[in-house]
């Protein structure tokens, strides 16, 4: 095809209906027949389950411990495990994890600082349970 033939063809200008007068649109609503089984308009039953927020430590298991000291040690050991987990998670991003011999993987006991943190965690958990209404009022203000 020559250049002049290409210019006259609909290749560059597009089809004739695009360059013609605009079609008149009717803005009147049309009648549509909707079927009962049409998935876009049929009623749907939705089931909702509400679960209460349980943020923080639950004090319901505190009564299983024979003394405050044993509860404190258990929470402190949990703090140690969480710290190890976070440390290992951060190290996994930096270097590939290596297998350690069994002696190096043993659990270490909690430090004095971790025992103090455990005491703070226990007191906060008990306060949040006992004074739940007061905390809600305080957060509303």
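The values are calculated or read from the model by the stated rules, or taken from the named source; none is laboratory data. Treat the numbers as computed from the prediction; the structure is a model and nothing was measured. Cβ sites come from the backbone with ideal geometry, for glycine too, and all protein chains shown count toward neighbours.
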Original post:
Which of the residues belonging to the stretch 80-98 are surrounded by fewer than 10 Cβ atoms within 10 Å (Cβ to Cβ) and either under 23 Å from the mean Cα position of the chain (by Cα) or modelled with pLDDT of 85 or more (or both)?
Top reply: 89, 90, 93
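In a loop (DSSP other than H, G, I, E, B), over 30 Å from residue 115 (Cα atoms) and at pLDDT below 80: does that describe residue 41?
Spelling it out, residue 41 is indeed in a loop (DSSP other than H, G, I, E, B), over 30 Å from residue 115 (Cα atoms) and at pLDDT below 80.
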